[in-house]
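To keep things clear, I will list the structure first and then write my remarks on it.
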Amino acid sequence: MSNILYYPYINIPNNDWTIRTLLYYNDIAAIVPQEYIWDPERNYDSFMMELVRMSLVIPVNPIDVFDNPWAVTKPFITEIEKHKNSLEKAQNRFSNLRRNLVHSQKFSAQIHSDKFDDEVFYSLESLGLAIREEGNWYSVETKTADQLMKYIATIIGAKTNRIPTTDSLKPRFYTIKNLKNQQKRETILESLIPFPQEIKLDKMLRFKEKNGELLAAFKNKVELLVLNPHIKEGTDLFNENIRELIIRKGELTAKMNESNVGNIIFGSICGLIAATQGIVATGSLKSMIWGLPGFANAVYSALKIEKSENIFDQSGMKYLALIDKKLR
């Protein structure tokens with residue numbers, strides 16, 4: 001799957017994980033309340049605002065996705081009510097929070113009211129697991145909030161054909177199988193795209209639009225490794241596979257900088273220049289331009305930069321070599 005759904009927070013973090021994610025997936029969506037969609041400049045942080053403005057991230061309002069929001073979330077409330085022991089523990093954690101506000105961050109999470117149908121919050125309040133705060137926010141018992149966000153992200157992901165993903169590799173956000181695969185994927189991407197480094201988002205957008213096919217080839221290579229149950233993270237076989245990919249990436253980067261690539265192009269362009277000069281009358285403006293000192297060297301250097309992209313590659317690593325060359 002080439003598209004992901006970020007959760008549980010509204011603003012995607014400005015960090016290395018986000019840069020790698022933007023470079024790896026075709027499309028990223030984020031669960032966002034209607035209030036943020038109506039007035040983005042007032043609500044988003046500056047980084048998220050830029051991502052949305054450039055369509056690198058697509059805001060998704062849960063209420064718009066579901067035909068019947070309450071019917072979708074009602075089974076979640078039903079499951080909570082079924083498990084009496086877990087419910088009592090959650091109620092005690094949340095009631096202790098109200099008595100000891102010093103540790104409020106440990107036992108509650110803030111959820112915007114527009115992310116869910118009002119009936120969900122009414123039910124959670126009735127169960128002693130949530131309370132209305134200022135504005136359009138609710139404090140919800142932490143474990144309940146995590147489960148609720150994972151629940152809703154899973155359903156939205158299924159309806160919109162996206163993988164629910166977050167920058168926090170913690171069991172509460174993933175199933176056991178998905179967590180292992182995501183940890184494996186992150187390890188591979190961190191090895192192959194070793195940021196931190198600031199990248200201009202507009203430049204990244206143009207790069208992705210231009211190299212969609214190369215991205216697909218690269219992703220296919222990575223996912224074959226991620227989904228192979230016989231290649232476990234941390235084993236010698238896993239490390240050798242990553243080492244091989246890094247070597248292939250390095251070889252391609254070196255090839256793109258080799259002089260013989262430019263020499264082939266240079267020979268062709270020189271023939272074209274010579275033929276043109278024979279046609280143009282002596283003393284004309286065009287002849288003067290072709291004859292400027294260093295003109296041939298300038299053509300040679302420029303074409304080495306542009307035509308290096310034509311190098312053939314079947315390893316899937318050309319996308320990464322171009323990231324090094326064009327973005328880093």
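List of remarks:
So that you can scan it fast, the table gives a plain yes or no per residue for (1) without any contact (Cβ under 8 Å) to a residue 12 or more places away in the chain; (2) assigned to a loop (DSSP other than H, G, I, E, B); (3) more than 18 Å from Arg243 (Cα to Cα):
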residue: Ile156; (1), (2), (3): no, no, yes
residue: Asp167; (1), (2), (3): no, yes, yes
residue: Arg172; (1), (2), (3): no, no, yes
residue: Arg185; (1), (2), (3): no, no, no
residue: Leu189; (1), (2), (3): no, no, no
residue: Pro194; (1), (2), (3): yes, yes, no
residue: Leu214; (1), (2), (3): no, no, yes
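- Of all the criteria given as (1) free of Cβ contacts under 8 Å to residues at least 40 places away in the same chain; (2) assigned to a loop (DSSP other than H, G, I, E, B); (3) not β-branched (Val, Ile, Thr), the one not satisfied by Glu209 is (2).
- The condition of being of a type outside the set (Asp, Glu), touching a Pro at 6+ places or on another chain (Cβ under 7 Å) and under 20 Å from Lys150 (Cα atoms) holds for only one of Ile31, Ile80, that being Ile31.
- Residue in the stretch 205-236 that is surrounded by the most Cβ atoms within 10 Å (Cβ to Cβ), counting only those that are under 30 Å from Arg53 (Cα atoms) and of a type in the set (S, T, N, Q): Asn211
- Among the residues of this structure, Arg206 does not count as one that is over 27 Å from Ala321 (Cα atoms) and of a type in the set (D, E, K, R).
- Test: Val72 is part of a helix (DSSP H, G or I), without any contact (Cβ under 8 Å) to a residue 24 or more places away in the chain and surrounded by 16 or more Cβ atoms within 10 Å (Cβ to Cβ): no
- Of residues in the stretch 33-58 being in a helix (DSSP H, G or I) and in contact with a Leu (Cβ under 8 Å, 6 or more places away or on another chain), the one nearest to Leu189 (Cα to Cα): Leu51
- Of all residues making up the stretch 115-150, the number that are surrounded by fewer than 23 Cβ atoms within 10 Å (Cβ to Cβ) and aliphatic (A, V, I, L, M): 3
- Ala30, sole failed condition from (1) crowded, with 19+ Cβ neighbours inside 10 Å; (2) in a helix (DSSP H, G or I): (2)
Values quoted throughout were computed directly from the atomic coordinates according to the rules given, and no laboratory measurement underlies them. Values in this document were obtained by computation on a predicted structure and should not be read as measured data. Glycine gets a Cβ as well: all are built from the backbone with ideal geometry, and neighbour counts include every protein chain shown.
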